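Undergrad: Below is a structure I'd like to ask you about.
The values are calculated or read from the model by the stated rules, or taken from the named source; none is laboratory data. This is a predicted model, so every value here is computed, not measured. Note that each Cβ is placed from the backbone with ideal geometry, even for glycine, and that neighbours are counted across all protein chains shown.
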Amino acid sequence: MLAHAARFRTALALAALLACVAGTQILVDQYRPIVNDEADVPFTVAAVVVRSFLGQVRGLLADFLWLRVDEYQHRRRIVGGDLLRSDDEALMPLVRLITWLNPHFVEAYALGGQWLAFHFARPNEAIAFYEEGIHNNPRQYDLIYGAAWVYWAFLHQNETALAAAQRAATAAEDDLSHFRALWLQAHIYMSMGNRAAALQTFREVGRIPGYERTSSVLIQRLLGPHGGELHQ
Amino acid sequence: MIASPVFVVARQVMKEAGRRRTLPVLVLFGCAVILSSAFLSFFQLGVEVKFFKDVAITVIFLFGTVATLILVTTQLSGEIESRTIYNILSKPIRRWELVTGKFTGTILAIALAVAPMVAILVFFIYTDRGGSMLEAVKAAYLLWLAFAVLSAIALGIASFSSSVVTGALTVLVLVVSYLKAAVTTYLALVTQSPVVNSLGQAMYYLLPNFENFNTRTAVVHDRIVPWAYLGRTSLYALALAAFFLYLGVQIFEEREF
């Protein structure tokens, strides 16, 4: 009888402790998105499985894969007078895996988007990749600027490209990035046939410290006999 | 002054950890890996800093986990296998004191083991790597909580199994704690059954969740881990450790030696 009572007490205590575990997990979950916003990233099932299997090692693996990607993109081999395409093709799956493992790996998103658009001529996929990167890293200049470029140069969606270029200009953290965003913005305006807005944007370039001369050269080229060059 | 049996056992565990050489070698190896990663160079500026923090935190986690497993599996199960448990239990010590002492000694030894690795991380953040030193220390504290929970789980399992089984089952619990995210996602996708989804939810809330102790993203991307999060995670670790230690003590009490 006493043994039964002791067992019951033990079971009760264990159940109470388990309830504490569940309760504190609820408390932790309330703060989890602040600490690790990867919790809100809409991963595919494949990505969830890969991430789960790798546990806490996934960040490190993403870094090591990036080393490989870095090597591929900087040491592109030339065979028969042309770039070795097998290196390029090996790069994209690595980039995809890196972004699964670490959705805040902005460099991987930027590189993947750029390669899809420029090397593989797949602008729609590039935009999908950029947009995924922007969704996971909303204030990252490189991604917004890259997307703006693809919208403008490849998809010819000037309105969307302009909106993205304007967002890139506000997300720019240094003068060079700010200049590049404004430069793209002006060129999108010109593609839309809005030379006045392009001129205004080049004037805005002059307000960036150290870019006064660049601004006047750009304005001269826009207004002068060679202004047509800027449409190309 | 008569020391509490819990602390006597804890001190003995720490002495044993130093004497066995496994722990110091692991610490040296971990420190060497972190130090070597600090001198890797990349083509892109800014990647080095992220890489260094990533490597340091992952190395602390990996080496801490291995050290915890080695320490705990050689404790209770080791004592039973080598039959030194008879000698210990013949002394005026209660079984719960023995288990609690082993746990205390293990988590203190682990804290001492990871301290040099954390010191290297903080040092490089201070000198030239950038970021917040406090956030790195917070991340290390949360990792230490993870090791404490892992120790409690291993001790709970060790109370009824051999050292090899203890090691294997503890690793299994660790892997399952990460895999359960995949399982719950999969269940939510493939079935609309409320019973199955409730089971998935129950699994999420009741099984240990080591992801709670992972603040790598915050440290690497220079975000602040709120103090409230640290407090809540500490409570979570306390509840989990208490559950497994209590379970372990109850099983150990029932065993006959």
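Undergrad: Here are A:PHE120, A:PHE129: which of them is in a loop (DSSP other than H, G, I, E, B), within 22 Å of A:VAL95 (Cβ to Cβ) and under 20 Å from the mean Cα position of the chain (by Cα)? Don't jump to the end; show me each part of the working.
TA: Details: A:PHE129 fails: in a loop (DSSP other than H, G, I, E, B).
Unique residue meeting the criteria: A:PHE120.
Undergrad: Still on this structure, please answer the following. Those residues that are facing chain A (nearest Cβ under 7 Å) and crowded, with 24+ Cβ neighbours inside 10 Å, I need them from segment B:230-244; list them, please.
TA: Of all residues in segment B:230-244, those facing chain A (nearest Cβ under 7 Å) come to B:232-233, B:235-236, B:239-240, B:242-243.
The answer is B:THR233, B:TYR236, B:LEU240, B:PHE243.
One line per residue, one yes/no per condition, for (1) modelled with pLDDT of 95 or more; (2) closer than 19 Å to B:MET14 by Cα; (3) in contact with a helix residue (DSSP H, G or I) (Cβ under 8 Å, 6 or more places away or on another chain); (4) of a type outside the set (A, V, I, L, M):
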site	(1), (2), (3), (4)
B:GLU79	no, yes, yes, yes
B:ARG83	no, no, no, yes
B:TYR86	no, no, no, yes
B:LEU89	no, no, yes, no
B:PRO92	no, no, yes, yes
B:LEU98	no, yes, yes, no
B:GLY101	no, yes, yes, yes
B:ALA113	no, yes, yes, no
B:ILE120	no, no, yes, no
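Undergrad: Going by the conditions given, is B:PHE210 closer than 19 Å to A:ALA13 by Cα, out of contact with any strand residue (DSSP E or B) (no Cβ under 7 Å at 6 or more places or on another chain) and facing chain A (nearest Cβ under 9 Å)?
TA: Values: closer than 19 Å to A:ALA13 by Cα: no; out of contact with any strand residue (DSSP E or B) (no Cβ under 7 Å at 6 or more places or on another chain): yes; facing chain A (nearest Cβ under 9 Å): yes.
Criteria not met by B:PHE210.
Undergrad: Something else: Please list, ordered by residue number, the helices (runs of 4 or more DSSP H) wholly in segment B:117-230 having 3 or more residues that are farther than 26 Å from B:PRO24 by Cα and touching a residue at least 40 places away in the same chain (Cβ under 8 Å).
TA: Helices (runs of 4 or more DSSP H) meeting the threshold: B:216-220.
Undergrad: Is there a residue being of a type in the set (Ser, Thr, Tyr), in contact (Cβ under 8 Å) with a residue 40 or more places away in the chain, part of a helix (DSSP H, G or I) and within 14 Å of another protein chain (Cβ to nearest Cβ) anywhere in segment B:76-98?
TA: Step one: of segment B:76-98, the residues of a type in the set (Ser, Thr, Tyr) are B:77, B:82, B:84, B:86, B:90.
Still in the running and in contact (Cβ under 8 Å) with a residue 40 or more places away in the chain: B:77, B:86.
Those still in the list that are part of a helix (DSSP H, G or I) too: B:77, B:86.
Next, from what is left, pick out any that are within 14 Å of another protein chain (Cβ to nearest Cβ): none.
No, segment B:76-98 has no match at all.
Undergrad: Of the conditions (1) buried (at least 23 other Cβ atoms within 10 Å of the Cβ); (2) within 10 Å of chain A (Cβ to nearest Cβ), B:VAL183 satisfies every one except a single condition; which number is it?
TA: (1)
Undergrad: Ok, one more. Taking the conditions exactly as written (under 21 Å from A:ASN102 (Cα atoms) and either in contact with a Ser or Thr (Cβ under 9 Å, 6 or more places away or on another chain) or surrounded by 15 or more Cβ atoms within 10 Å (Cβ to Cβ) (or both)), does B:ASN197 satisfy them or not? Talk me through it step by step, then tell me what you get.
TA: Values: under 21 Å from A:ASN102 (Cα atoms): no; either in contact with a Ser or Thr (Cβ under 9 Å, 6 or more places away or on another chain) or surrounded by 15 or more Cβ atoms within 10 Å (Cβ to Cβ) (or both): yes.
So B:ASN197 fails the test.
Undergrad: Give just the number: which of (1) part of a helix (DSSP H, G or I); (2) surrounded by fewer than 21 Cβ atoms within 10 Å (Cβ to Cβ) does A:LEU155 not satisfy?
TA: Of everything listed in (1) part of a helix (DSSP H, G or I); (2) surrounded by fewer than 21 Cβ atoms within 10 Å (Cβ to Cβ), A:LEU155 misses just condition (1).
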